[in-house]
Amino acid sequence: MPTMHAPSGVGMGMSVVFALTLLSRPIAALGTNFLNHTSLLTGREDPDWFEENIPFLDVPDAQIQAVYYYRCQTYKEHLVYTGAQYGYMASEFLHPVDYGAPYGGVVAAAGHHITESRWLRNHQYGQDIVNYWLSGPGTFSKPTSDNVNADTRDWAHEYSFWAATALWRQYLTTGDRDFVVGQLENLVKQYRGWDNHFNSSLGLYWQVPVWDATEYTAASYESSDPYHGGAGYRPTINSYQYGDARAIAAIAALAGNRDLNTEYTQRADALQKAVQQILWDTNAHFYKHRARDNNPSGALLTTREIMGYLPWMFNLPTAASHSAAFAQLKDPQGFSARYGPTTAERRSKWYMHEAATCCRWDGPSWPFATSQTLTAVENLLNDYPAQTYFSAADYLSLLRGYAATQYKNGQPYVAEAHDPDADVWMYDTHDHSEDYNHSTFVDNIIAGLIGLRAQPDDTLVVNPLAPSSWDHFALENAAYHGHSVTVLWDSTGSYYGQGQGLRVYVDGSLAGSRSTLGSLTVNVGPVVAQTISSQVNIAANGQKFPQGTTPSASYTSPYDDVWRAIDGIIWRTGIPENSRWTSYGSPNARDYFALDLRRPQAVSDVRLYFYDDGGGVRRPASYDLQYWTGNAWLTVPDQQRSGGSMSAATSNSQTKITFPTIVTSQLRVIAPNPGAGNGWGLSEFEVWTPAVFQLRNENSGKLMGVAGMSTANSANIQQYDDNGTRDHLWEFVRAPGGWFKIRNLNSGLLLGVQGASTANSAVLQQYEDNGTSDHLWRVVSQGNGLFLLKNKNSGLFVGVDGMSTANGADIVQFEDNGTKDHLWSILPAVPAS
């Protein structure tokens, strides 16, 4: 049988057997309790979320530790709930930018976002981010114009993106085989999306620096257009494509797809050879940019740029001598800087050229690149033969510099780019750059400093890069393969009182130890599968779709907006960005904030995030959750509230309110104001329900249902007036690869196509779940709350036969020809049972 290969870095040039064992049971709520979590979370808003999701860090370096918890917080605030159709995405800027994808995503740092998410205990965040880019809005068509990349056609290719590598690393940590295998088709499509950038004679990909998210580089300055110029064969996209080819090969092995495994192993091998032969400068001992145009000799750029370390981020180099490149990280004329590394070497004529103006990549220190360089060093020290150019002590120095960079006015802070020599952020626009989500830090701490090296089997390698001079450090309850892993280092055994040396615990039990600091492999046991919640937040309407939930209030501060409390966003207090509603300045003794759900819904789960700035807006001393009966507002009966007392809770802490199911079209919170013009506020009002919807045709105004309310296989799907029958209700069920199964609530059968046809005008029918691909659907937003429904098997879209507006007209599939009958509103319609 042919061998199927894993990416380099899983095994350096070795074949591996994928042997993750899977147990189908709930995540074990086990772990250790060596650290004082309450103390470590001091100053964090919504501490329960961190307790539920992050590993706890304790190190003797105060700056590194403070930045770790700060970056956990900033990552949380960048998790945007886009709505029921696409769930969460990770934003780059807090405010959406005009060159972003629908719902606000920017793909430039998506690889960082997916990698950073892998250590969150709740897998939904990271999986939703993957689906957003590979099967959701990221796949939507974009303009082919200069401001959003004229050379590509969808949002996931606006910028270079190491999609498969990031997803493979996510898999190594979560162990969720079904999810990663389900993305295989999407990953191949993403990979091949760069075919128009491939030069087959060189065997390399080209990219324009700005679409590497690195504008105004030394390479682009040597072209006629410093911003959009400088196209060339770069270590960036070629390293990304190499890593992604290795990852696709590994995922294909998991899926048992030998042909695909072979194809992408060969692609990776060829690209690896070409990069080393063509982009390695043997005199400068560095990987460099080669200009695509007006370069008949094939000369490499004179300047070393920080991107030259990217090949090691993906374990591409095979020659041990190439490790000499890392000497430049310590060279005062290279990349060395107190707040570095620099993005271009200091000896370059382009160093800091025009850098006073944003956004230059010719010297300023960018966290985006620093975190990539740290990952490259982590791989160098873990996966390559010993060398003398860069040591673990050098790594710690680089990491400390990165932590020191992430400060402003004595507090942890991250913006766009930092002065390499002075303690000042260079690119830090007010109400725009705060808490910039463009890099990793948490992953560098966990996988690098503490040394959790995730594996594709039932083991974990722990190889800390932390110094043995530290008398202690700990990482407690890291989520790994569905287990909780704790790493303790105690040089004497007296600091934590658990024994001397390096100790690794799995689900609260000691799994391995050694007396000295070094590599330790432990068996963690079979993967414990995590069930992703199927519930959706039907209150969220950040796009202000006219069919969706609408907010109102008895009074709204002129500084705030009712819509911000249902935008799917919860930002921390103390930044200028505003995502809240408040009653600040109200003349009323009490005020309410209300939701119109637009139609009766069965609800039993409300979550409130009260805003408190410590001044003019305070958490209310008391509040009442009420529902509309059709005649009057009444208190929701038998409320069970979690989240602690109102006085003790932090700003933006979640207050979860559950109660016996009620059916209502409106909810509100009413609370007293504290007086003297002060008010109370909400950052978010959520209503979580099963994912049950009506599908209303935009052309006819009628609902999708089943002929005669049939519960039989092969019954036709038709449109009809909303007469309240249960066959008009459809449950959206997650399926691998970002697809949905759409299940009729009356019959329990799935929406499919008659005979699995791929022809125009084939009738839609319902059928039992027999695993055919015609039962899989993708939701494609067309804006304004309207969606296309795309069938996986045929690639065609749901419409109405003959564009009929009559009751009983058949629902069919058809190519997208722009007709109005292809547009559907997806309306929450949760029944009482």
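The set of residues from segment 760-792 being farther than 19 Å from PRO828 by Cβ, part of a loop (DSSP other than H, G, I, E, B) and touching a residue at least 24 places away in the same chain (Cβ under 8 Å) comprises ASN760, SER761, ALA762, GLU768, ASP769, LEU776, LYS792. May I ask you to verify whether THR38 is surrounded by fewer than 24 Cβ atoms within 10 Å (Cβ to Cβ), touching a helix residue (DSSP H, G or I) at 6+ places or on another chain (Cβ under 9 Å) and not in a loop (DSSP other than H, G, I, E, B)? So THR38 fits the description; yes.
In this entry, ASN437 passes the filter for residues that are in contact with a helix residue (DSSP H, G or I) (Cβ under 7 Å, 6 or more places away or on another chain), crowded, with 19+ Cβ neighbours inside 10 Å and not small (Gly, Ala, Ser).
Looking at GLY748, GLY681, GLY752, GLY737, which is the one that is touching a residue at least 12 places away in the same chain (Cβ under 8 Å), in the same structural domain as TYR555 (by TED's automatic domain parsing) and more than 21 Å from ILE538 (Cβ to Cβ)? When all the criteria are applied, what remains is GLY681.
Check segment 420-433 and report whether any residue there is of a type in the set (Asp, Glu), in contact with a Pro (Cβ under 7 Å, 6 or more places away or on another chain) and farther than 25 Å from SER160 by Cβ. The answer is yes; a qualifying residue exists.
Listed here are the residues, each with its yes/no results for (1) farther than 30 Å from ASP722 by Cβ; (2) among the aromatic types (Phe, Trp, Tyr); (3) crowded, with 18+ Cβ neighbours inside 10 Å.
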site	(1), (2), (3)
VAL617	yes, no, yes
SER622	yes, no, no
VAL636	no, no, yes
ASN678	yes, no, no
SER683	yes, no, yes
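Elements of the type strands (runs of 3 or more DSSP E) sitting completely within segment 366-463 and holding at least 2 residues that are at pLDDT 95 or above and over 22 Å from TYR171 (Cα atoms): these cover 425-427.
Hey, can you tell me all the residues within segment 51-84 that are within 16 Å of the chain's Cα centre (by Cα), part of a loop (DSSP other than H, G, I, E, B) and on the phi < 0 side of the Ramachandran plot? Once the filter is applied, which keeps residues that are within 16 Å of the chain's Cα centre (by Cα), part of a loop (DSSP other than H, G, I, E, B) and on the phi < 0 side of the Ramachandran plot, segment 51-84 yields ILE54, HIS78, THR82. Please tell me if TRP571 is buried (at least 18 other Cβ atoms within 10 Å of the Cβ), of a type in the set (Phe, Trp, Tyr) and either touching a strand residue (DSSP E or B) at 6+ places or on another chain (Cβ under 8 Å) or assigned to a strand (DSSP E or B) (or both). In short, yes. Evaluating ARG734 against the criteria (1) touching a Phe, Trp or Tyr at 6+ places or on another chain (Cβ under 8 Å); (2) within 19 Å of VAL692 (Cα to Cα); (3) not in a strand (DSSP E or B) leaves one unmet condition, (3).
Looking only at residues in segment 622-678 that are assigned to a loop (DSSP other than H, G, I, E, B), in contact with a strand residue (DSSP E or B) (Cβ under 6 Å, 6 or more places away or on another chain) and without any contact (Cβ under 8 Å) to a residue 24 or more places away in the chain, the one that is nearest to ALA565 (Cα to Cα) is SER642. Among the residues making up segment 537-568, those that are part of a loop (DSSP other than H, G, I, E, B) and within 22 Å of the chain's Cα centre (by Cα) are ILE538, ALA539, ALA540, ASN541, GLY542, GLN543, ASP567, GLY568. Reported count of residues in segment 793-828, each being free of Cβ contacts under 8 Å to residues at least 24 places away in the same chain and more than 26 Å from ASN723 (Cβ to Cβ), is 2.
Within the span defined as segment 223-233, one or more residues are touching a residue at least 24 places away in the same chain (Cβ under 8 Å) and among the aromatic types (Phe, Trp, Tyr).
For every residue, the table says whether it meets (1) surrounded by 24 or more Cβ atoms within 10 Å (Cβ to Cβ); (2) assigned by TED's automatic domain parsing to the domain that holds GLN183; (3) in contact (Cβ under 8 Å) with a residue 60 or more places away in the chain; (4) at negative phi.
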position: HIS95; (1), (2), (3), (4): no, yes, yes, yes
position: TYR99; (1), (2), (3), (4): no, yes, no, yes
position: ALA108; (1), (2), (3), (4): no, yes, yes, yes
position: HIS112; (1), (2), (3), (4): yes, yes, yes, yes
position: SER117; (1), (2), (3), (4): yes, yes, no, yes
position: HIS123; (1), (2), (3), (4): no, yes, yes, yes
position: GLY126; (1), (2), (3), (4): yes, yes, no, yes
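Here the condition is being farther than 23 Å from MET313 by Cα and under 31 Å from the mean Cα position of the chain (by Cα); of LEU475, LEU449, it holds for LEU475 alone. Go through the residues of segment 475-494 one by one and say whether even a single one is surrounded by fewer than 19 Cβ atoms within 10 Å (Cβ to Cβ), touching a residue at least 24 places away in the same chain (Cβ under 8 Å) and either more than 30 Å from GLN666 (Cα to Cα) or in contact with a helix residue (DSSP H, G or I) (Cβ under 9 Å, 6 or more places away or on another chain) (or both). Within segment 475-494, none of the residues are surrounded by fewer than 19 Cβ atoms within 10 Å (Cβ to Cβ), touching a residue at least 24 places away in the same chain (Cβ under 8 Å) and either more than 30 Å from GLN666 (Cα to Cα) or in contact with a helix residue (DSSP H, G or I) (Cβ under 9 Å, 6 or more places away or on another chain) (or both). Checked across segment 256-273, the condition of being of a type in the set (D, E, K, R) and in contact with a Lys or Arg (Cβ under 8 Å, 6 or more places away or on another chain) holds for no residue. Of all residues assigned to segment 781-790, none qualifies as being farther than 29 Å from LYS544 by Cβ, out of contact with any Pro (no Cβ under 6 Å at 6 or more places or on another chain) and crowded, with 20+ Cβ neighbours inside 10 Å.
The values are calculated or read from the model by the stated rules, or taken from the named source; none is laboratory data. Fair warning: this is a prediction, and the values are worked out from it, not measured in the lab. Counting neighbours? That spans all protein chains shown, and the Cβs are built from the backbone with ideal geometry, glycine included.
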